[in-house]
Protein chains: 2
Amino acid sequence: MNIGEAAQASGVSAKMIRYYEETGLIPPAGRSGSGYRTYGPKEVQVLRFIRRARDLGFPMEKVADLLALWRDRSRASADVKRLAEAQIAALEARIAEMQAMQVTLTHLVHTCAGDDRPDCPILVDLSGGRP
Amino acid sequence: MNIGEAAQASGVSAKMIRYYEETGLIPPAGRSGSGYRTYGPKEVQVLRFIRRARDLGFPMEKVADLLALWRDRSRASADVKRLAEAQIAALEARIAEMQAMQVTLTHLVHTCAGDDRPDCPILVDLSGGRP
DNA sequence: TATGGGGCTTCCCATAATGGGAAGGTCAAG
DNA sequence: CTTGACCTTCCCATTATGGGAAGCCCCATA
């Protein structure tokens, strides 16, 4: 199977597959006589694993850790769980930050008439309304 | 006032002040005889405006729009409000994505024993548990 | 067999916003 | 005058992804 088909089958773009190989996240693919990368079902499964982990927000570095655990038959499930819990915590932190922004913005929006006059408490606040 | 003081006063790093100037977000600062950038209270206020808008999650491009409206005495407050509402919506979208990840991960974590045995439903799921 | 279209290769560039650091000029205090 | 803190510009790195060019390859069809 060529890289295009592997991309289709895994949901990872050909571009990213090459990138993952380049950065060592996955081992170099086999090559056909003419230099084309070749993939089998096993490789596609790895790619899907990566895709899924990325979809859950794991950064590539953590994906590498997950892959290592996956390959390690003598892993402790506690290690996997730790990674997942850390990711949950990271998401929670980021979400909290953004919710704080949202709250502030929502307040500001409520104070703004939103008509064709120039007066706007939003701008006043941004420019340091409360010194 | 030199760039370091302006950075202190505005909460924007000297590095970023130069960058904002380079990208045209702010006009070129005045220069002292020896080439040092110089800033007055007005410039610092602009920097604080930028800082605050960035803190609310506005991307630089939108900050530029906000700055333009701020400078435009004949703006309509509706335009400002629109930008703020769009930002709220953008935050909401991103938050929703991340919450979905969080929910999935939380489910997975609950299914994992987290002991020293290797069996781990998290890995099973990542590797395509549901075909 | 020749030709064309689509797929593959590598290489370079760009993104968004920020920080790190080097090499060298400047200023103020001692 | 020296020293240390600050400024200048320039280059590099980050994270993960996409775009595109130049050139080779494969297969089907005329």
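Values computed for the structure shown
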{"quantity": "Calculated [θ] (222 nm, deg cm²/dmol) that DSSP helices of n ≥ 4 give over chain A, each run adding -39,500 (n - 2.57)", "calculated": "-21000 deg cm²/dmol"}
{"quantity": "Between segment B:96-131 and segment A:80-131, the alpha-carbon center distance in angstrom", "calculated": "31 Å"}
{"quantity": "Cut-off under 5 Å, modelled amide H: who pairs with residue B:26 long-range", "calculated": "B:21"}
{"quantity": "At 7 Å out from Cα toward Cβ: residue B:115 inter-copy label distances (nm, ascending)", "calculated": "6.9"}
{"quantity": "Inter-copy separations for residue B:38, label at 7 Å along Cα-Cβ, nm, ascending", "calculated": "7.2"}
{"quantity": "Karplus 3J(HN,Hα) series, Hz, for segment A:101-107 with 6.51 cos²θ - 1.76 cosθ + 1.60 (x for Gly, Pro)", "calculated": "4, 4, 4, 4, 4, 5, 4"}
{"quantity": "Residue-averaged beta-carbon neighbours from other chains (10 angstrom radius) around A:51-61", "calculated": "3"}
{"quantity": "Phi to ³J(HN,Hα) by Karplus 6.51 cos²θ - 1.76 cosθ + 1.60 over segment A:15-30, Hz, x for Gly, Pro", "calculated": "4, 6, 4, 4, 5, 4, 5, 4, 8, x, 5, 10, x, x, 6, x"}
{"quantity": "Mean-position separation - Cα centroids, segment A:1-37 and segment B:1-35, in angstrom", "calculated": "45 Å"}
{"quantity": "Nearest-20 debye value, chain B charge dipole, Cβ charges on Lys, Arg, Asp, Glu", "calculated": "820 debye"}
{"quantity": "Residue-wise HN-Hα coupling along segment A:73-79, computed from phi with Karplus coefficients 6.51, -1.76, 1.60 (Hz; x: Gly, Pro)", "calculated": "5, 9, 5, 9, 4, 4, 5"}
{"quantity": "Chain A, rotation onto B, residue closest to that axis via Cβ, with its distance in Å", "calculated": "A:95, 3"}
{"quantity": "Residue A:38 long-range amide H proximity, modeled H, under 5 Å", "calculated": "A:30, A:31, A:32"}
{"quantity": "A:23, A:38 arranged by Cβ crowding within 10 Å, fewest neighbours leading", "calculated": "A:23, A:38"}
{"quantity": "Low-density loop cleavage sites - trypsin sites (Lys or Arg not before Pro) in segment B:1-36, where at most 15 other Cβ are within 10 Å (DSSP)", "calculated": "none"}
{"quantity": "Nm distances between copies for residue B:4, ranked from closest, using label points 7 Å along Cα→Cβ", "calculated": "5.9"}
{"quantity": "Ascending count of other beta-carbon atoms within 10 Å, so fewest first, for A:127, B:77", "calculated": "A:127, B:77"}
{"quantity": "Placed amide H near residue A:114: partners under 5 Å, 5+ positions off or other chain", "calculated": "B:78"}
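A short reminder: the numbers here are calculations on the coordinates, not readings from a lab. Because the structure is predicted, anything quoted here is derived from the model rather than measured. So basically every Cβ, Gly included, is an ideal-geometry build from the backbone, and we count neighbours across all protein chains shown.
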